[in-house]
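A.B. asks: Please read through the structure below; I'll follow up with questions.
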Amino acid sequence: MIGTGIHNISADEYHQDPVAGGSLTSSGAVKLVNECPAKFDYERRHPLPPKDVFDFGSAAHRLVLGAGRDIVVVDADNWMTKAAKAQRDEARANGLIPLLAGDYVVVKAMAVALRQHPMAAALLDPERGTPEQTIVWQDGPTGVWCRALVDFLPHASDGRYVLGEYKSATDASPAGCAKAMWSYSYHQRAQWYVRGAQKVLGDAALVLIFQEKSPPYLVNCREPDVFAMRHGRDRNDEALEIYAACSKAGRWPGYEPEDEVAPLPLPDWMTNRYLKEGTW
């Protein structure tokens, strides 16, 4: 069991929640506000099995950050054959990352390209920090214990900690980064990490490092702006309040309301069309 501070533990230990009494993560906070408490509670008690796309992301993290589980290369074109599936499942059972040979070539090329990008290379420089560090803190207003596994925790520079968070992407253009940030709630997760770092370390910020998964493996470093971080803060505050209330009541409700029949409106775009055309 671990408490407030910075901890160098494995990802498996992190995901098993080593905080006494349980703690909330950024993924949990996103699920609480984007879905419902019932799904959050079920999935934390019944973890979902790994997906191939997650293996690719984990492998990219391994080669880029130099931390995490080792990679096992499976000499197959896809996961369709029984032999390939068996090797994949065996690797996962042994705590390794299974990766197709073709995908391994890609992640190696991505790691090379990233190290040639001035800003990304500086943000993830092993001489200036440590990869995959766990931050644990207690939220003041709600008393909820929180944890975060940050990709790269740097040493302080001029009294400020600038965290680097690596994301593989299909489109690392400015518009693509903005779309991915909204689609995957990266701004909410970023605010969660910064919140924890500020609580434990002091002044902190975070930069999202996007990298495309196709040649030439372009990189784009972006810091969520003040409005994105404010929205992320509001969403995290809401998640903490939901978590605290549900934990206290011992009840994790589904879709609200549960005690009445609610009206079911048309999508907003159709309602607006009716209003605009005056056909209501």
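A.B. asks: Note down the relative contact order for region 103-231 as a percent, whole number, built from C-alpha pairs under 8 angstrom at least six residues apart.
C.D. replies: Computed value for region 103-231: 27 percent relative contact order.
A.B. asks: By how many nm would the segment from Val261 to Ala38 grow when fully extended, if each residue of separation counts as 0.36 nm and the alpha-carbon distance is taken off? Please list the in-between numbers first.
C.D. replies: On the way: separation 223, 0.36 × 223 = 80.28 nm, distance 1.89 nm.
Length gained, Val261 through Ala38: 78.4 nm.
A.B. asks: Another question about this same structure. I'm checking a number: the convex hull volume of the Cα atoms of the chain, normalised per residue, in Å³. What is it?
C.D. replies: Measuring per residue, one finds 186 Å³ for the Cα hull of the chain.
A.B. asks: Would you work out the relative contact order for the chain, in percent, from Cα pairs under 8 angstrom that are 6 or more residues apart?
C.D. replies: 22
A.B. asks: Based on the Kirkwood radius over alpha-carbon pairs, what is the Stokes-Einstein translational diffusion coefficient of region 196-280 at 20 °C with 1.002 mPa s viscosity, in µm²/s?
C.D. replies: Value of D from the Cα-based Kirkwood radius: 116 µm²/s.
A.B. asks: Using Cβ contacts closer than 10 Å as the measure, can you line up Val150, Val74 from fewest to most?
C.D. replies: Val74, Val150
A.B. asks: Follow-up. Write down the radius of gyration of region 116-178 and its Dmax, each obtained from C-alpha positions, in Å.
C.D. replies: Values for region 116-178 (Cα only, Rg and Dmax): 14.8, 44 Å.
A.B. asks: Still on this model: For Gln138 and Asp52, what does the FRET efficiency come to when R0 = 30 Å and r is the distance between their Cβ atoms, rounded to the nearest 0.05?
C.D. replies: Step by step, r from the Cβ atoms, then E = 0.25.
A.B. asks: Arranged by the count of other C-beta atoms within 10 angstrom, fewest first, what order do Asp41, Asp77 take?
C.D. replies: Going from least to most buried by this count: Asp77, Asp41.
A.B. asks: Give me the net charge of Glu43's neighbourhood, meaning all other residues with Cβ under 11 Å from the Cβ of Glu43; Lys, Arg count +1, Asp, Glu -1.
C.D. replies: +2
A.B. asks: Let me ask something else. Suppose a student asked you for the relative contact order of region 35-129, using Cα pairs under 8 Å spaced at least 6 residues apart; what percent would you report?
C.D. replies: 28
A.B. asks: Sorted from fewest to most neighbouring beta carbons within 10 Å, what does the list Phe152, Phe227 look like?
C.D. replies: Phe227, Phe152
A.B. asks: Now for a separate question. For every other residue with a beta carbon closer than 14 angstrom to the beta carbon of Lys31, add +1 if it is Lys or Arg and -1 if Asp or Glu, then tell me the sum.
C.D. replies: Result for the neighbourhood of Lys31: +1.
A.B. asks: Assuming R0 = 22 Å, what is the FRET efficiency of Gln198 and Ala249, from their Cβ-Cβ distance, to the nearest 0.05?
C.D. replies: The calculated FRET efficiency here is 0.15.
The numbers here are math on the coordinates, done by the rules we state, and not lab data. This is a predicted model, so every value here is computed, not measured. For neighbour counting, all protein chains shown are included, and Cβ atoms are generated from backbone atoms with ideal geometry for every residue, glycine included.
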